[in-house]
Every structure is written in structure tokens, then in C-alpha cells.
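Report on the structure given below.
The values are calculated or read from the model by the stated rules, or taken from the named source; none is laboratory data. Keep in mind the model is a prediction, meaning the values are calculated, not measured. Glycine gets a Cβ as well: all are built from the backbone with ideal geometry, and neighbour counts include every protein chain shown. To get the accessible areas, we keep the full protein, side chains included, count just its heavy atoms, and leave off ligands, DNA and RNA. Shrake-Rupley method; radii C 1.70, N 1.55, O 1.52, S 1.80 Å.
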Amino acid sequence: MTTHSTTLPTPEKPVCILAIESSCDDTSAAVMRNGLLLSNVTASQAVHEAYGGVVPELASRAHQQHIVPVVHAALKQAGVKREELSAIAVTLGPGLMGSLLVGVSFAKGLAMSLGIPLIEANHLQGHVLAHFIKTPDEPHTVPPYPFLCLLVSGGNSQIVKVNAYNDMEILGQTIDDAAGEAMDKCSKVMNLGYPGGPIIDRLARKGNPKAFAFSKPHIAGLDYSFSGLKTSFLYFLRDQLATDPDFIAHHLEDLAASLEATIVDILMKKLDLAVKQTGIHHVALSGGVSANTALRDAFKQRADKRGWNIYIPKFSYTTDNAAMIAITAHHKFLDKDFCPLDKPAYCRISSKTKLQ
Ligand code: KG4
């Protein structure tokens, strides 16, 4: 059964979308009216801190607890009633299956009970389209098509050529770990806590980025690799701890700064190459790692030096959030690109060349 009876808005009725994101360890709901964001509520999951990484089973249980209050809060903050909604949008993938299923089942049930369409969003497209989120009180510049986007998160490191909201080419991507994953794993090795990215960012501000050198990958083209760096960091610590058991405590800030500088350098070199190869000078950052201070600084410096036009999202739209799903869905709604109720959630994207 692929269809359900739905009511579409009339021209005079506003397009009002409730969006839900639950692909990893954040439960988020947002309400958007005619492309303007009215609310964006996110419940994070502290339960994973003790394990140094996301535990999928605990993540799906926490989503179950959070989904109803988060959706209620998003509707309340927006001042929108369920009967006013035109469509329900949800992240269908990629992500953790147990996490996705909570948001997807909830969204399908709500769409069916209200008799309105369901819209699916790709989580990664959502991160890219975070640049187009408009709020009633904050004017901002959106990138013109085509633009390049460095999408760096806990699960992905990609350079994407964005031709349109629904046409994104993957020019390069990690062949193993993602940049955020490398930060999180190195943080775990140093017993710093989870997620490691923000902790390393904070410590690095007081450290020397040239104190230590770690291995950098030699990968052809625009692809990335971060697993070698992680191993190099691990072996370096093992050797140093053999002679100084307190090496980490003695050099914490320098270790963080040197690790961060290595990751930023790897990311920026390939981005530079992508700009040269494509000739596109409108360049954006997206994803959780785009909150990183050193990456933002390097990005701005490179832009000044090379004459790029750059676009950096607001902090609240860098990590996982439903506002980015709402803006994706708004475009799809205008194109009447709706999702059958029996379309299943997915863990990975099916194409290596297209972000779809
Ligand atoms: O986009 P996101 O919330 O989730 C995914 O879709 O993966 O990204 C989470 C990642 C984590 O690896 C986290 O450590 C990293 O973003 N992160 C940071 C910073 N804030 C979050 N990495 C470096 N510096 C930060 N300030």
C-alpha cells in the first residue's frame, strides 16, 4: 500500500511543515511556515558520554522518550496547531537504523492520522541546505548555485558540488573514517569524553598547533582518509607514555592543537584543489565539525587569500537539527515531491557520485 488520502493546501493556505530528525543521537523537531523557520527544538542524549561514542540501542530508546515532548515543544513554540500542518517531513536516512525508525514511524503515523503528505529528506542534503534556513528576524546571504560545500560531520567528510537543492554531486569523500569521527576517537584515546570535537576545539585554543607532527594521508583526487592519522596518533601516544606515564596530562593542549591543525590542513588542501578543479568560488561549510574554530579560521583565511565567497552556517544549524530537514522539505513540497508511506528508512546512501 503506497498511498493514503491527503489534503493539499490551497493557494491562500500557507505551507506549514513539521520536520523531524532522529538519524543519530539528537531528537529534533522544527516548524516552518512558507519557508520561514518558526521553531527548532532539539533534545540531545547525554547517555552516550560514559561510553565515548553513540551506543545505537541506547540512542533509539532515548529517541522514544524524547520524540513526543520535542514535537509538542516545536509546535507550541511555533504557535502552530496540528490541523494547520500541510505536511510532515522526516529524515529517511542515512543514519542508525534504530534511531531513524523512531522518527520515521512517528512521522508516518502522524501524516496518516492527519491525512497530509509525508516528505522524506536525506540527512546529508539537509546539512548542505542548512545554508538556506531563513528565520523571521535574521537576514542572511544564501549561496548561489552552483556552489561547493565541505560537509564534515561525525559520520561524513565530503566535498559536494551543489547544482540545485535536489542536485548534488559528490566530488570527493572519505574512504574510511570521517573528520569528526577521528576527533572523537582521538579524544577517547586521551580519556577526554564524548563528543571529542568540541573538547579538542576548546583545549586547542591554548595549545601550539606545531608542537607535534602526525601522519597525513596521500590519497589521489578529492577523497579523504583519516584512519591513518588516528593510528599515527595512537602509536605516538603509546611511545611517549612508555617514557612519561603523564605525557597526555603534561601536553594536553599541544596534543589537541596539533591534532586539530592536522585535520584542518587535510580538509582545506582538498577543498582548495576542488575550487581549482571546478573554478567555483562560492564555497560553504556544513556539518558538526564546521563548528570548529580552527577550521572556520582557516576557511576565512583561505577565502581572503584566494578571493572565495564563503558561507558558514549559524552554530545551531551545524550539528544535527530538524530546521535543515524543514527547509529541504519546503523545496520538495513546492515540487510536490512526496514520499509513499511504505518507503523504508536506509542506513547508507546508494550512490557514490550523487548525494541522494
Ligand atoms: O553533524 P553532526 O551533529 O552529526 C553527524 O551527522 O555526524 O556532527 C557531530 C560531529 C562529532 O564528531 C563532533 O565531535 C563534531 O561534530 N563537532 C566538532 C565540534 N562540534 C561538534 N568537531 C570539532 N570542533 C567542534 N567545535
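Structure summary
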read-out	value
Carbon + sulfur, % of accessible area of the range 64-191 - ligands and nucleic acids excluded, 1.4 Å	54
Label point distance in nm, Met97-Lys336, each placed 7 Å from Cα along Cα→Cβ	3.5
Charge dipole (debye, nearest 20) of the chain; +1 at Cβ of Lys and Arg, -1 at Cβ of Asp and Glu	580
MRE, 222 nm, helices only [DSSP H, n ≥ 4, -39500 (n - 2.57), over the chain, to nearest 500]	-13500 deg cm²/dmol
For Leu38, residues with placed amide H under 5 Å, excluding near neighbours	Val31, Met32, Arg33
16 Å reach of a label modelled at Thr231, 7 Å along Cα-to-Cβ, counting backbone N of the range 167-209	175-178, 182, 186
Using θ = phi - 60° and Karplus 6.51 cos²θ - 1.76 cosθ + 1.60, couplings along the range 85-97 (whole Hz; Gly, Pro as x)	6, 9, 6, 10, 10, 8, 6, 8, x, x, x, 7, 4
Tensor-based shape of the range 36-171 (alpha-carbon gyration tensor, a/c under 1.5 rounded, otherwise prolate or oblate)	oblate
Segment Lys314-Ile219, length gained on full extension (0.36 nm per residue, minus Cα span)	31.1 nm
Accessible area of Cys347 in the full protein assembly, 1.4 Å probe (Å², nearest 10)	60
Inter-site label distance for Tyr51 and Lys269 at 7 Å from Cα along Cβ, in nm	3.5
Karplus (6.51, -1.76, 1.60) ³J(HN,Hα), θ = phi - 60°, over the range 254-270, in Hz, Gly and Pro reported as x	5, 4, 4, 5, 5, 5, 4, 4, 5, 5, 4, 4, 4, 5, 5, 4, 6
Accessible area, probe 1.4 Å, largest first, for residues His250, His131	His250, His131
Per residue accessible area in Å² of the range 189-288, where ligands, DNA and RNA are left out and the probe is 1.4 Å	47
In the range 79-161, trypsin sites (Lys or Arg not before Pro) in a DSSP loop with at most 15 other beta-carbon atoms within 10 Å	Lys81
Full-stretch length increase - Thr353, Ser105 - with 0.36 nm per residue and alpha-carbon distance subtracted	86.4 nm
